[in-house]
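Enquirer: Provided herewith is a single structure, encoded as structure tokens, for subsequent inquiry.
The values are calculated or read from the model by the stated rules, or taken from the named source; none is laboratory data. On a predicted model such as this, the values are computed, not experimentally measured, just so you know. Here the Cβ positions follow ideal geometry from the backbone for every residue, glycine too, while neighbour counts run over all protein chains shown.
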Amino acid sequence: MIYRRFMLLLVALLIAILPVTAFTPKREYTMQVNVTQAVDWGAGAQKFADLVAQKTNGVINIKPYWSSSLLAGKQTNWYQAVADGAIDFATESTMNACTVIRPFNLFSLPFFINTYDNVDKIENGKAGARMIAEMERGGVKFLAWGENGFRQITNSKREIRTPKDVEGLKIRVVGSPIMIDIFKQLGADPINMNWGDAVTAFQQGVVDGQENPKGVLIGNKIWEYHKYMTIWNYLIDPLVFCVNSQVWKSFPPDIQAQIQEAALEAGEWEKALARAYLDGDKSLKIFKEKFKDPRDPENLFVIAPSKGMKITVLTAQEIDAFKEKTKPVYDKWIPTIGEDIYKLALEDMK
């Protein structure tokens, strides 16, 4: 008994005085990004990687892989790839994970969120917390929110001010089931195709329009194909900065804190870049004054008209008409999203 106690005491003493095994990082941590650095989303991913290297003094090296190259272009597989450990980090779209994390479809309820204040209230509120918990349950650690942006509609046929104006238009959409339901409810013909095929279809006149956020519209020079743009904020595409849960647990606490800090800073910076000129001067001030960033974010309201586009900004009353028209989408999708999360989102926005 005395010997056993002595050995237990010795072990405890050794644990207390011996140094902890040194953390050995991987030479490179992979990061999935669906876009390139040319758009706000990609710029935010690069910002995150740069900040992690800076805050960890080069200990952690995150390498972004652009255009879903790690997934052979199959962007909707990103969540499972990170959860399985095939990819370490991701700066990715919630829309591209909504078939797995169904509460993410909340952001795609048509004309539901509509303002940046509401986006922030939901992400930082009870509904956002529930979404994060659902995401983390699958093996992916959430780090911060980013933003691809509110998606606007453009077309080559006519100005869009009412639901009637959308009827009959062939609209290119991403492969999101709820998005297809929205455009069918509006009387359009939604067509799921990749961007390269869509450009050819625009040029040939067999597809009339598309929908995307500011960064993508400017990055892809949408004015080369379409004359009309409507600002209607019909749904938002938030981003998540995240990491495989086991990779996260492999980092010592100080490294975890530095990566978390980098993600929050990159997320706020990227949001300010994505929102610049779309919320008055609020986000532009954050970008310029808080982050002291010398670059000039691109102004959609200057660039697009200078290229010959007509921009129509819908009034609250005009948006209400679209929301009324798409009510059946709510009836179909709220059970999938979760009635409880929908109600929490309503509380958050109040």
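Enquirer: How do the helices (runs of 4 or more DSSP H) wholly within segment 177-237 filter down when requiring 1 or more residues that are modelled with pLDDT under 95 and among the hydrophobic types (A, V, I, L, M, F, W, C): which remain?
Expert: Numbers: elements: 177-185, 195-204, 214-219.
Ranges flagged: 195-204, 214-219.
Enquirer: Next up: All but one of (1) farther than 19 Å from Asn212 by Cβ; (2) modelled with pLDDT of 95 or more; (3) out of contact with any Cys (no Cβ under 9 Å at 6 or more places or on another chain) hold for Gly280, so report the exception by its number.
Expert: Going through the list (1) farther than 19 Å from Asn212 by Cβ; (2) modelled with pLDDT of 95 or more; (3) out of contact with any Cys (no Cβ under 9 Å at 6 or more places or on another chain), Gly280 breaks only (2).
Enquirer: Could you grab me the full set of residues in segment 62-106 that are within 20 Å of Asp50 (Cβ to Cβ) and in contact (Cβ under 8 Å) with a residue 60 or more places away in the chain? Spell out the reasoning first.
Expert: So the first thing to find is which residues in segment 62-106 are within 20 Å of Asp50 (Cβ to Cβ), and the list is 62-67, 69-70, 87-92.
Result: Ile87, Asp88, Phe89, Ala90, Thr91, Glu92.
Enquirer: For segment 48-61, which positions are in a helix (DSSP H, G or I) and either without any contact (Cβ under 8 Å) to a residue 60 or more places away in the chain or outside the structural domain of Gln260 (by TED's automatic domain parsing) (or both)?
Expert: Filtering segment 48-61 down to residues in a helix (DSSP H, G or I) leaves 48-55.
Those that are in a helix (DSSP H, G or I) and either without any contact (Cβ under 8 Å) to a residue 60 or more places away in the chain or outside the structural domain of Gln260 (by TED's automatic domain parsing) (or both): Ala49, Asp50, Ala53.
Yes/no per residue for (1) outside any helix (DSSP H, G or I); (2) in the same structural domain as Val243 (by TED's automatic domain parsing); (3) farther than 24 Å from Val216 by Cα; (4) of a type in the set (Val, Ile, Thr):
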{"residue": "Ile259", "(1), (2), (3), (4)": "no, yes, yes, yes"}
{"residue": "Leu273", "(1), (2), (3), (4)": "no, yes, no, no"}
{"residue": "Ile303", "(1), (2), (3), (4)": "no, no, no, yes"}
{"residue": "Phe322", "(1), (2), (3), (4)": "no, no, no, no"}
{"residue": "Pro328", "(1), (2), (3), (4)": "no, no, yes, no"}
{"residue": "Lys332", "(1), (2), (3), (4)": "no, no, yes, no"}
{"residue": "Tyr342", "(1), (2), (3), (4)": "no, no, yes, no"}
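Enquirer: Right, here's the next one. Does Ala83 satisfy the criteria of being over 24 Å from Gly175 (Cα atoms), part of a helix (DSSP H, G or I), modelled with pLDDT of 95 or more and not β-branched (Val, Ile, Thr)? Quick ask: steps written out before the conclusion?
Expert: On the way: over 24 Å from Gly175 (Cα atoms): no; part of a helix (DSSP H, G or I): yes; modelled with pLDDT of 95 or more: yes; not β-branched (Val, Ile, Thr): yes.
The answer is no for Ala83.
Enquirer: List the number of the failed condition for Glu224; all other conditions in (1) over 26 Å from Met135 (Cα atoms); (2) crowded, with 19+ Cβ neighbours inside 10 Å hold.
Expert: All conditions are met except number (2).
Enquirer: Do any residues in segment 153-170 that are in the same structural domain as Ile311 (by TED's automatic domain parsing) and free of Cβ contacts under 8 Å to residues at least 24 places away in the same chain have Cβ atoms under 9 Å from those of residues that are crowded, with 21+ Cβ neighbours inside 10 Å and in a loop (DSSP other than H, G, I, E, B), where the two are at least six apart or on different chains, and which pairs are they?
Expert: Within 9 Å, the pairs are Val166/Ile160; Val166/Leu186; Val166/Ala188; Glu167/Leu186; Glu167/Ala188; Gly168/Ala188; Gly168/Asp208.
Enquirer: Name every residue in segment 305-320 that is assigned to a loop (DSSP other than H, G, I, E, B) and either in contact (Cβ under 8 Å) with a residue 40 or more places away in the chain or in contact with a strand residue (DSSP E or B) (Cβ under 9 Å, 6 or more places away or on another chain) (or both), in order of residue number.
Expert: From segment 305-320, those assigned to a loop (DSSP other than H, G, I, E, B) are 307-309, 314-315; that's our starting set.
Those that are assigned to a loop (DSSP other than H, G, I, E, B) and either in contact (Cβ under 8 Å) with a residue 40 or more places away in the chain or in contact with a strand residue (DSSP E or B) (Cβ under 9 Å, 6 or more places away or on another chain) (or both): Lys307, Gly308, Met309, Leu314.
Yes or no, residue by residue, for (1) modelled with pLDDT of 95 or more; (2) under 13 Å from the mean Cα position of the chain (by Cα); (3) surrounded by 15 or more Cβ atoms within 10 Å (Cβ to Cβ):
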| position | (1), (2), (3) |
| --- | --- |
| Glu28 | yes, no, no |
| Asp50 | yes, no, no |
| Lys55 | yes, no, yes |
| Tyr79 | yes, yes, yes |
| Thr91 | yes, yes, yes |
| Asn105 | yes, yes, yes |
| Leu109 | yes, no, yes |
| Phe112 | yes, no, yes |
